[in-house]
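Reviewing the structure listed below.
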Amino acid sequence: MPERRTVALVTLGCARNEVDSEELAGRLAADGWELVEDAAEADVAVVNTCGFVEAAKKDSVDALLEANDLKDHGRTQAVVAVGCMAERYGKELAEALPEADGVLGFDDYADISERLGTILAGGAHVPHAPRDRRKLLPISPVERQGAAVALPGHGEVAATAPADLPEGVAPASGPRAPLRRRLGSSPVASVKLASGCDRRCSFCAIPSFRGAFVSRRPSDVLTETRWLAEQGVKEIMLVSENNTSYGKDLGDIRLLETLLPELAAVDGIERVRVSYLQPAEMRPGLIDVLTGTEKVAPYFDLSFQHSAPGVLRAMRRFGDTDRFLELLETIRAKAPRAGIRSNFIVGFPGESEADLAELERFLIEARLDAIGVFGYSDEEGTEAATYEDKTDPEVVAERLAHISRLAEELTAQRAEERIGETVRVLVESVGEEDGPTGRGEHQAPETDGQTFLTGVSGLSVGQMVEAKVVATEGVDLVAEPSRDVEWGRPESEEAGT
């Protein structure tokens, strides 16, 4: 009987990292590893790191150090770093953090079981020297499909799972194809639509370590969605660095408009959500599909970053306040209750008080449901890091605090505007104190608030409920389910009143 080998995956960062962790989990489970939730109960703790900004990198280092402490008083024998920070720094990270027993890049994912086995046995794995992954693929997008480059989440996917795969592992075929094993039981799951990015935003280092843009084939996305539905998933969220570019390397920039209705038609799927949309690439047909397709959430995660034209040009981006407001007006003309969120950077090099005022004007008029605000900091290897007209760090902190307060006030006001609306809520938890809690169409997982359901009992996780918004708590909503909900009558009726 083979020796029992246990592994725990600790995931930091975005939804794309969560998908990558489940791919690693699938590969390991298929090779006989036992997956455990608690790193203290695992032979190997694998930390899927984030390398986006300084705060995320610090969190990743802290997680690696915390896992390393388990080696002194737990089962854990080895700690391994994977993910964006590991890929971005490779050998440099291994030298700076000897507590990590291994640093694995994306090229190691297909052989993750062998790599962990070597490390667990006391062997050494030579970490990779970082390189610009954009240069590994052809410049022309249409020539990238089929290139022999490691792309987490990509590969040939079969219609059915081979008989020798463990229960709960996603179907795949071929020695380098992705497998997937869910690491939780949420009724929501992310599906990777593409990898990499061809944009050259001056503040962003992601393309250098995630690579150039490559779409997954529609058949692969559909197959994975069907498998997730079989696992009990009710909502899928399509993720990538830039979903509006989907299909350009497959010869059809409008492929997303075709794919979305097919995903919505998958048996068992109740909601399809699209994240990471570029305002400059939004097109009328995509807006039509997002606002007019049953089971496709009218949800727009638009990456504005700023609205002052001078700052946007320095960021190597396009647009301005008025054009952005016109885009929002177009969306709301088709779907008045559409959910819209965005992120913004304040304190960018050269940002003036007038630029900040322009951003304030946009935020006030935009009526966004969720707003993320970040203070600018240099990212090594980016163009913006070389800019000379830097904003004083104290000024950046002041502007961050100011815009964050404004954002909190504005999003709370936007939530109040929804009082009286009917929302479709996917129940995600049923707690003893909070009761049934879920999210409406305008609320994405983790980032956009939640909806508390009141006056009803008997609901269960994974059910979709229509409810009327009666109150708010900041960005969160309080809603009463309609009285024709089949799976639970209002508590007052159950009590006989």
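The values are calculated or read from the model by the stated rules, or taken from the named source; none is laboratory data. Bear in mind that the values here come from a model prediction, so they are computed numbers and not experimental data. Note that we place each Cβ from the backbone using ideal geometry, even for glycine, and neighbour counts take in every protein chain shown. For accessibility, only protein heavy atoms count, side chains too; no ligands or nucleic acids. Shrake-Rupley method; radii C 1.70, N 1.55, O 1.52, S 1.80 Å.
Summary table below
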item	result
Candidate set from the range 271-302 (those that are among the charged types (D, E, K, R) and over 19 Å from the mean Cα position of the chain (by Cα)); member that is most open to solvent (accessible area, probe 1.4 Å)	GLU294
Pairs where the first residue, in the range 440-464, is at positive phi and the second is of a type in the set (Lys, Arg) and open to solvent by less than 30 Å² (accessible area, probe 1.4 Å), C-beta under 9 Å, 6+ apart	GLY449/ARG439
Subset tally (residues that are of a type outside the set (A, V, I, L, M) and farther than 14 Å from ALA471 by Cα) for the range 415-436	9
Residue satisfying condition, being under 27 Å from the mean Cα position of the chain (by Cα) and on the phi > 0 side of the Ramachandran plot, within set GLY122, GLY146	GLY146
Residue among GLY438, GLY420 that is modelled with pLDDT of 95 or more and in contact with a Lys or Arg (Cβ under 8 Å, 6 or more places away or on another chain)	GLY420
Inter-residue pairs, beta-carbon under 7 Å, first farther than 10 Å from ALA194 by Cβ and in a helix (DSSP H, G or I) and in the range 240-265, second open to solvent by 60 Å² or more (accessible area, probe 1.4 Å) and of a type in the set (Asp, Glu), 6+ apart	ALA264/GLU294
Count of residues meeting criterion [closer than 25 Å to LYS192 by Cα, buried (at least 22 other Cβ atoms within 10 Å of the Cβ) and free of Cβ contacts under 8 Å to residues at least 60 places away in the same chain] in the range 17-49	4
Single residue of SER185, SER195, SER215 found to be surrounded by fewer than 20 Cβ atoms within 10 Å (Cβ to Cβ) and touching a residue at least 24 places away in the same chain (Cβ under 8 Å)	SER185
Matching residues in the range 364-406 - criterion: being without any contact (Cβ under 8 Å) to a residue 60 or more places away in the chain and among the small types (Gly, Ala, Ser)	ALA366, GLY375, ALA385, ALA397, ALA401, SER404
Hey, GLY251 open to solvent by 20 Å² or more (accessible area, probe 1.4 Å) and not aliphatic (A, V, I, L, M) or not	yes
Filter result (of a type in the set (A, V, I, L, M), open to solvent by 10 Å² or more (accessible area, probe 1.4 Å) and either touching a residue at least 24 places away in the same chain (Cβ under 8 Å) or not in a helix (DSSP H, G or I) (or both)) within the range 309-334	ALA314, LEU325, LEU327
Subset of the range 440-475 (residues that are open to solvent by less than 30 Å² (accessible area, probe 1.4 Å) and charged (D, E, K, R))	ASP448
